[in-house]
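The structure appears right after this line, and notes come after that.
The values are calculated or read from the model by the stated rules, or taken from the named source; none is laboratory data. Please read all numbers here as calculations on a predicted model, not as lab measurements. As a convention, Cβ positions derive from the backbone with ideal geometry for all residues, glycine included, and neighbour counts pool all protein chains shown. Areas reflect the complete protein model, heavy atoms only, side chains present, ligands, DNA and RNA absent. Shrake-Rupley method; radii C 1.70, N 1.55, O 1.52, S 1.80 Å.
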Amino acid sequence: MALPVRTNMKHLFGLIHKFNSSKRLLCSAACSGNKEPAGGGRVFSGIQPTGVPHLGNYLGALENWVSLQSQFPSVLYSIVDLHSITQPQDPTQLRSNILDMAASLLACGIDPERAVLFQQSQVLEHAELSWILGCLTTMPRLRHLPQWKMKSKQKNEGSVGLFTYPVLQAADILLYKSTHVPVGEDQVQHLELAQDLARIFNNRYGDLFPEPAALLSSTRKVKSLRDPSVKMSKSDPHAMATISLTDSSDDIALKLRRAVTDFNSEVTFDPETRPGVSNLVTIHAAMAMIGVEEAVSQAAGLDTGAYKRLVTEAVIQRVTPIREEIQRLRADRQHLEGVLREGGCRARELAAPVLREVRQRVGFS
């Protein structure tokens with residue numbers, strides 16, 4: 001919060017006192033008033049601190065996260081750094097990525113007044129509940145989950161953390177008695193594990209956790225600009241494949257100009273036979289906030305080269321204010337750390353009573 005410059009020091013100290021009091025009241029309200037999900041439920045979701053998100057992240061998840069703030073009375077979004085270390089991380093880069101993700105979420109429209117935005121590792125209850133739930137989970141159950149199958153094959157042998165990753169996901173969700181979780185289709189089986197663990201715990205120790213429901217995003221998946229058979233990804237080896245939210249207008253124009261299409265110059269939407277052109281239509285429709293049919297209609301009479309310029313205009317118009325806000329927030333590290341610290345306080349106040357109840361029911365206290 002920026003305080004106005006005043007020559008009257010008494011007035012300045014009064015403002016500071018009011019600011020600090022309002023922070024305490026905000027945290028106190030979260031602690032006392034939101035321990036149980038209010039009418040309408042509670043949303044939880046997490047995102048790994050991989051730095052600045054790309055266009056696929058924004059359209060596939062973050063845009064929806066922003067809208068959920070006005071649809072539910074209680075919303076929590078976590079930067080899940082515990083999850084991130086299932087893969088090797090450079091500590092200095094991880095610290096930077098956490099703040100970059102915080103800046104990006106705020107720039108996209110996550111409002112700390114309407115959502116609890118926090119860093120997962122700062123709420124120790126996540127790890128303890130994960131251990132307890134892990135003791136209720138069988139190894140065969142985890143072996144059949146898609147993430148383990150995919151990543152363990154890639155590395156021949158995965159870590160224990162990678163194997164138990166879905167249990168920590170379940171703990172993230174259940175710790176706040178979340179009722180709704182926004183997920184993509186590829187995460188549905190992991191949410192089903194959280195539902196199963198809620199039932200198992202409730203059957204053994206008495207009703208405590210609601211079974212969280214999936215909120216499936218209606219946004220189509222954004223594909224790689226160089227290989228439209230796969231999703232847009234930061235790990236794509238092709239520099240031209242992915243649009244970052246911090247890309248300059250020139251970078252965006254270049255990447256879209258070089259986007260893979262086909263030999264047919266007409267613009268149609270047919271993801272099966274024309275995935276490259278269809279990916280451009282998906283991006284255009286989403287960024288211009290119009291339907292796919294309207295996007296194709298606007299392309300009438302244009303060849304794919306001219307249509308790419310139309311798509312570029314739509315992307316630049318939406319991304320530019322986000323990029324500028326990310327750059328502004330990145331320059332204010334103290335503000336970002338303060339937002340995460342305040343969010344951590346509010347998250348801990350929600351999590352602590354739930355874990356105390358879990359410990360009592362399990363027999364620890």
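In the range 65-119, how many residues are hydroxyl-bearing (S, T, Y), in contact with a Phe, Trp or Tyr (Cβ under 7 Å, 6 or more places away or on another chain) and at pLDDT 95 or above? Walk me through it before giving the result.
Residues of the range 65-119 that are hydroxyl-bearing (S, T, Y), as a first pass: 67, 70, 74, 77-78, 84, 86, 92, 96, 104.
Retained after the next criterion (residues that are in contact with a Phe, Trp or Tyr (Cβ under 7 Å, 6 or more places away or on another chain)): 77-78, 86.
Filter once more, keeping what is at pLDDT 95 or above: 77-78.
The qualifying residues number 2.
Would you be able to say whether some residue in the range 167-187 is open to solvent by 20 Å² or more (accessible area, probe 1.4 Å), of a type in the set (G, A, S) and either modelled with pLDDT of 95 or more or under 24 Å from F118 (Cα atoms) (or both)?
yes
Let me confirm something: among T304, T282, T273, T320, which residue is under 21 Å from V230 (Cα atoms), in contact with a Ser or Thr (Cβ under 7 Å, 6 or more places away or on another chain), at pLDDT 95 or above and among the β-branched types (V, I, T)? Quick ask: steps written out before the conclusion?
On the way: T282 fails: in contact with a Ser or Thr (Cβ under 7 Å, 6 or more places away or on another chain); T273 fails: in contact with a Ser or Thr (Cβ under 7 Å, 6 or more places away or on another chain); T320 fails: under 21 Å from V230 (Cα atoms).
From the options T304, T282, T273, T320, the qualifying one is T304.
Scan the range 121-144 residue by residue and report those that are among the polar types (S, T, N, Q), part of a helix (DSSP H, G or I) and closer than 17 Å to V362 by Cβ. Talk me through it step by step, then tell me what you get.
In the first step, residues of the range 121-144 are kept if they are among the polar types (S, T, N, Q); the result is 121-122, 130, 137-138.
Add one more test, that the residue is part of a helix (DSSP H, G or I), and what stays is 121-122, 130.
If the condition is that a residue be among the polar types (S, T, N, Q), part of a helix (DSSP H, G or I) and closer than 17 Å to V362 by Cβ, then S130 is the only one that fits.
Say we look at the range 188-207 and pick out the residues that are outside any loop (DSSP other than H, G, I, E, B) and of a type in the set (D, E, K, R); which of these is least open to solvent (accessible area, probe 1.4 Å)?
Keep residues of the range 188-207 that are outside any loop (DSSP other than H, G, I, E, B), which gives 188-205.
Those still in the list that are of a type in the set (D, E, K, R) too: 192, 196, 199, 204.
On the way: E192: 79, D196: 42, R199: 92, R204: 146 Å².
Of everything passing the filter in the range 188-207, D196 is least open to solvent (accessible area, probe 1.4 Å).
Considering only residues that are among the β-branched types (V, I, T) and under 19 Å from V339 (Cα atoms), which ones fall in the range 77-95? Break it down into steps so the answer makes sense when it comes.
Of the range 77-95, the ones among the β-branched types (V, I, T) are 79-80, 85-86, 92.
Answer for the range 77-95, where residues must be among the β-branched types (V, I, T) and under 19 Å from V339 (Cα atoms): I79, V80.
With respect to F269, is the statement that it is of a type in the set (A, V, I, L, M, F, W, C), more than 27 Å from A171 (Cα to Cα) and open to solvent by 70 Å² or more (accessible area, probe 1.4 Å) true? Before you say what the answer is, go through the steps one by one.
Numbers: of a type in the set (A, V, I, L, M, F, W, C): yes; more than 27 Å from A171 (Cα to Cα): yes; open to solvent by 70 Å² or more (accessible area, probe 1.4 Å): no.
It is false that F269 is of a type in the set (A, V, I, L, M, F, W, C), more than 27 Å from A171 (Cα to Cα) and open to solvent by 70 Å² or more (accessible area, probe 1.4 Å).
Considering only the range 258-275, I want to know if a residue exists there that is outside any loop (DSSP other than H, G, I, E, B) and touching a helix residue (DSSP H, G or I) at 6+ places or on another chain (Cβ under 8 Å). Give the steps one after another, and end with the answer.
Here is the first cut: in the range 258-275, the ones outside any loop (DSSP other than H, G, I, E, B) are 275.
Subset that is touching a helix residue (DSSP H, G or I) at 6+ places or on another chain (Cβ under 8 Å): none.
No, because not a single residue in the range 258-275 is outside any loop (DSSP other than H, G, I, E, B) and touching a helix residue (DSSP H, G or I) at 6+ places or on another chain (Cβ under 8 Å).
Find the residue count for the range 277-307, including only residues that are assigned to a helix (DSSP H, G or I) and either hydroxyl-bearing (S, T, Y) or under 16 Å from L55 (Cα atoms) (or both).
Keep residues of the range 277-307 that are assigned to a helix (DSSP H, G or I), which gives 277-288, 292-298, 304-307.
This time we only want the ones that are either hydroxyl-bearing (S, T, Y) or under 16 Å from L55 (Cα atoms) (or both), so: 278-288, 297, 304, 307.
Number of matching residues: 14.
For A102, state whether it is in a helix (DSSP H, G or I), closer than 26 Å to A288 by Cα and open to solvent by 10 Å² or more (accessible area, probe 1.4 Å).
no
Is it the case that some residue within the range 21-42 is at pLDDT 50 or above, part of a helix (DSSP H, G or I) and open to solvent by 70 Å² or more (accessible area, probe 1.4 Å)?
No, the conditions are met nowhere in the range 21-42.
Which numbered condition in (1) open to solvent by 40 Å² or more (accessible area, probe 1.4 Å); (2) touching a Phe, Trp or Tyr at 6+ places or on another chain (Cβ under 6 Å); (3) small (G, A, S) is the only one that S365 fails?
(2)
With respect to R220, is the statement that it is modelled with pLDDT of 95 or more and basic (K, R) true? Lay out the reasoning, then the answer.
Numbers: modelled with pLDDT of 95 or more: no; basic (K, R): yes.
Taking the combined requirement at face value, the residue does not satisfy it.
Does P210 qualify as being open to solvent by 20 Å² or more (accessible area, probe 1.4 Å), in a loop (DSSP other than H, G, I, E, B) and at pLDDT 95 or above? Walk me through it before giving the result.
Details: open to solvent by 20 Å² or more (accessible area, probe 1.4 Å): yes; in a loop (DSSP other than H, G, I, E, B): yes; at pLDDT 95 or above: yes.
It is true that P210 is open to solvent by 20 Å² or more (accessible area, probe 1.4 Å), in a loop (DSSP other than H, G, I, E, B) and at pLDDT 95 or above.
With (1) closer than 29 Å to L105 by Cβ; (2) outside any loop (DSSP other than H, G, I, E, B); (3) in contact with a strand residue (DSSP E or B) (Cβ under 9 Å, 6 or more places away or on another chain) as the list, and A253 as the residue in question, which single condition is left unmet?
(3)
Quick check on K18: is it among the charged types (D, E, K, R), more than 22 Å from Q120 (Cβ to Cβ) and modelled with pLDDT under 50?
Numbers: among the charged types (D, E, K, R): yes; more than 22 Å from Q120 (Cβ to Cβ): yes; modelled with pLDDT under 50: yes.
When the stated conditions are applied, K18 passes them.
List every residue pair whose Cβ atoms lie under 6 Å apart, where the two residues are 6 or more positions apart in sequence or sit on different chains, the first residue falls within the range 262-275 and is touching a residue at least 24 places away in the same chain (Cβ under 8 Å) and within 16 Å of A299 (Cα to Cα), and the second residue, located anywhere, is in a loop (DSSP other than H, G, I, E, B) and of a type in the set (D, E).
Here the result reads S265/D303, each pair linking the range 262-275 to a residue that is in a loop (DSSP other than H, G, I, E, B) and of a type in the set (D, E).
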